Amino acid sequence: MAMDPVAGDALALFETHRADLLRARRTQTMMFAGGFLLALGLSIWVSQFYPGKLGPGVPRIFEYLATITPDLRLDVLFAGRDAAGDAVPGSLTYWYVDLPKYLGLLAETVAMAATATMLGAVVAFALSFPAARNLAPNRWLFVASRRLLELFRGIPEILIALILVFMVGIGPLAGVLAIALHTAGALGKLFAEVNENASLRPVEGIRGVGGDWFDEMRYGVVPQVIPNFISYTLLRFEINVRASSIVGFVGAGGIGQELYHVISFYSDDRVLAVLILIVAMVTVIDLISERFRIRFIGREAFV
Amino acid sequence: MLEFQNLSKRFDDRTAVHPISLKIPNGQMVGVIGRSGAGKSTLLRMINRLGEATDGRMLFSSRDITALRGRDLLRWRSECAMVFQQFNLVGRLDVLTNVMTGRLHHHGFFSAMFGIFPAEERAFAIRALDRLGMAHTALQQADTLSGGQMQRVAIARALAQEPKIVLADEPIASLDPMNAKVVMDALRTINTEDGITVICNLHTLDTARNYCDRIIGMAEGRVVFDGPPVALTEAKAREIYGAEAGEAFSEGMTSTAIAATAPARPTALVN
């Protein structure tokens, strides 16, 4: 097939451009790869993450595991209490003699997580609209709400909890407030990003009928983003169940307080007893919450 | 009466609309035609202040629209309904709620935030939907509708505003010919029956001829034609659409519509 000269020129021009583009891209990839390797090497050096140092530590892990493993005896494993009302050494009853207390603390932990998630989500919801670049009524409010959210999530929960324990005393209140603050910051950022991706057409529609900024958010944005908000909030609840079993270490309530207690005072099989319960609780909550999330997003057919 | 006094719009490096002065009496149906980028949308969006004019003034019943701020501006938008090319409905809300958002301006903060609409507004919205033959979809989620149905819901939302003016920005550009006709008929009906001024941007010359009392032709941000459809000669149409002399130009080329069964005016030409 004969090619007319003009088309030939266009082709040559295209090939030159393409070669330039590919070369530029290759250089960029190489630079990124080099930078990444450099950063990786630097961080290994700084954190002294050498296998040689890790090696001697491994047996000590098992040593500790041995001290917290209970001495269970198969013959009396399921034995109840004896005539005197005492648990038989070697039985599950003996190991989990404090189970009622643990269950109460687990319930407290879940309740802390739920309360903190709800409080945090409400704050996150309110701040996520001014914190969305394309929805903020003005630049000042945008910057202010962004910075506020960063402040909330920038400080680790455990630190906020520590400060709050000094302020409001030992107990779940400090834990709830600490987790709620961190949740507001973390969810607020996610919510704001969801808001930024919402279609602006409905927003313009509401502006066109004479609605104010609140009407635009309520009718133009919220219906689009609410399924995502709910999904993220449930996910955050799962994370907060873990967080609320940790903040107890600084006296902020929940099962963590008991875990800290048994670790520092006994370091015996009670540590494992509590750990197993925490893992079981987190797993159960994760499974239930995941079920809800999938069902909710599925029903809303959110893509 | 809507009056433009040297209204113009400049973007950074380019003038979208050169100073325009004209008057639109109440109850008129005006078609604004021109190529893409001629400034039609910019002009329309300046009227309800979704886009700000750079210079000049706009008066409605001798009230200065260009100077409105805050609450007054929102009230003007509620009086001056807009129908968009892409409908701009809230897809995840049901049709009825979409129509009732047309009443939002009359709500306080709490009734708006909690979505409390009184029974009269619900009845008003249903009647508006019924006029457009859409009452049966009232409880359906809006994004399950077809394009033509969405545009009819959008017109019902505009009616719910009880507007003095309806602006329609390319209302039929994303619709098939049959739906385009239904939507244009609906706009014409609210114009004749309710006496609402309708200003409608159109791509197609024949639609403008069939439905409008008056045609404003724009080219490169200037009004190059303003008059009744009969006065729009082929030479004028060439100027609006920028066809070079000698280049073939027929109105059919800009046509997407099926001939209107009920021409707006006896004087209008039916292609």
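The values are calculated or read from the model by the stated rules, or taken from the named source; none is laboratory data. Quantities reported herein were computed from a predicted structural model and do not represent experimental measurements. Positions of Cβ are generated from backbone atoms using ideal geometry, with glycine treated the same way; all protein chains shown enter the neighbour counts.
A search for C-beta distances below 6 Å between a residue of region A:226-240 that is of a type in the set (Val, Ile, Thr) and any residue that is surrounded by fewer than 21 Cβ atoms within 10 Å (Cβ to Cβ) and assigned to a helix (DSSP H, G or I), counting only pairs 6+ apart in sequence or on different chains, returns A:Ile230/A:Phe296. Considered as a group, the residues in region B:38-90 that are of a type in the set (Ser, Thr, Tyr) and more than 11 Å from every other protein chain (Cβ to nearest Cβ) include one that is surrounded by the fewest Cβ atoms within 10 Å (Cβ to Cβ), and that residue is B:Ser62. Selection of region B:91-127 for residues being within 11 Å of chain A (Cβ to nearest Cβ) and touching a residue at least 40 places away in the same chain (Cβ under 8 Å) yields B:Gly91, B:Arg92, B:Leu93, B:Asp94, B:Asn98, B:Val99, B:Met100, B:Thr101, B:Gly102, B:Arg103, B:His105. Scanning region A:200-247 for residues that are touching a Lys or Arg at 6+ places or on another chain (Cβ under 7 Å), more than 7 Å from chain B (Cβ to nearest Cβ) and small (Gly, Ala, Ser) returns a single hit, A:Ser231. Every condition in (1) surrounded by fewer than 23 Cβ atoms within 10 Å (Cβ to Cβ); (2) in contact with a Ser or Thr (Cβ under 8 Å, 6 or more places away or on another chain) is met by A:Ser199 except one, and the failing one is (2). Screening the candidates A:Ile68, A:Ile61 for the property of being at pLDDT below 90 and touching an Asp or Glu at 6+ places or on another chain (Cβ under 9 Å) yields one hit, A:Ile68. Those helices (runs of 4 or more DSSP H) of region A:10-128 in which at least 1 residues are in contact with a His (Cβ under 9 Å, 6 or more places away or on another chain), considering only elements entirely within it, cover A:99-128. Of B:Ala186, B:Ala173, B:Ala156, all but one fail to be under 12 Å from B:Val83 (Cβ atoms), surrounded by fewer than 16 Cβ atoms within 10 Å (Cβ to Cβ), touching a residue at least 12 places away in the same chain (Cβ under 8 Å) and within 15 Å of the chain's Cα centre (by Cα); the exception is B:Ala173.
Within the bounds of region B:95-105, is there any residue that is out of contact with any Lys or Arg (no Cβ under 7 Å at 6 or more places or on another chain) and either small (Gly, Ala, Ser) or surrounded by fewer than 19 Cβ atoms within 10 Å (Cβ to Cβ) (or both)? So far as region B:95-105 goes, no, none of its residues is out of contact with any Lys or Arg (no Cβ under 7 Å at 6 or more places or on another chain) and either small (Gly, Ala, Ser) or surrounded by fewer than 19 Cβ atoms within 10 Å (Cβ to Cβ) (or both).
Looking at region B:25-37, is at least one residue polar (S, T, N, Q) and over 19 Å from the mean Cα position of the chain (by Cα)? So far as region B:25-37 goes, no, none of its residues is polar (S, T, N, Q) and over 19 Å from the mean Cα position of the chain (by Cα).
Being crowded, with 24+ Cβ neighbours inside 10 Å, within 15 Å of A:Ala124 (Cβ to Cβ) and more than 8 Å from every other protein chain (Cβ to nearest Cβ) is a property that A:Leu181 lacks. Within region B:154-183, being in contact with a strand residue (DSSP E or B) (Cβ under 8 Å, 6 or more places away or on another chain) and assigned to a helix (DSSP H, G or I) holds for B:Ala154, B:Ile155, B:Arg157, B:Ala158, B:Leu159. Here B:Thr137 does not fit the description of being buried (at least 23 other Cβ atoms within 10 Å of the Cβ) and hydroxyl-bearing (Ser, Thr, Tyr). Close Cβ contacts (under 7 Å, 6 or more residues apart or on different chains) running from residues in region A:75-100 that are touching a residue at least 40 places away in the same chain (Cβ under 8 Å) to residues that are crowded, with 17+ Cβ neighbours inside 10 Å and not in a loop (DSSP other than H, G, I, E, B) comprise A:Trp95/A:Asp269; A:Trp95/A:Ala273; A:Tyr96/A:Ala273.
When region A:199-215 is filtered for residues that are in contact (Cβ under 8 Å) with a residue 40 or more places away in the chain and not β-branched (Val, Ile, Thr), the ones remaining, listed by number, are A:Leu200, A:Trp213.
Results for (1) surrounded by fewer than 20 Cβ atoms within 10 Å (Cβ to Cβ); (2) closer than 20 Å to A:Asp286 by Cβ; (3) at pLDDT 90 or above; (4) not aliphatic (A, V, I, L, M), shown as yes or no for each residue.
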site: A:Ile206; (1), (2), (3), (4): no, no, yes, no
site: A:Asp215; (1), (2), (3), (4): no, no, yes, yes
site: A:Gly220; (1), (2), (3), (4): no, no, yes, yes
site: A:Arg236; (1), (2), (3), (4): no, yes, yes, yes
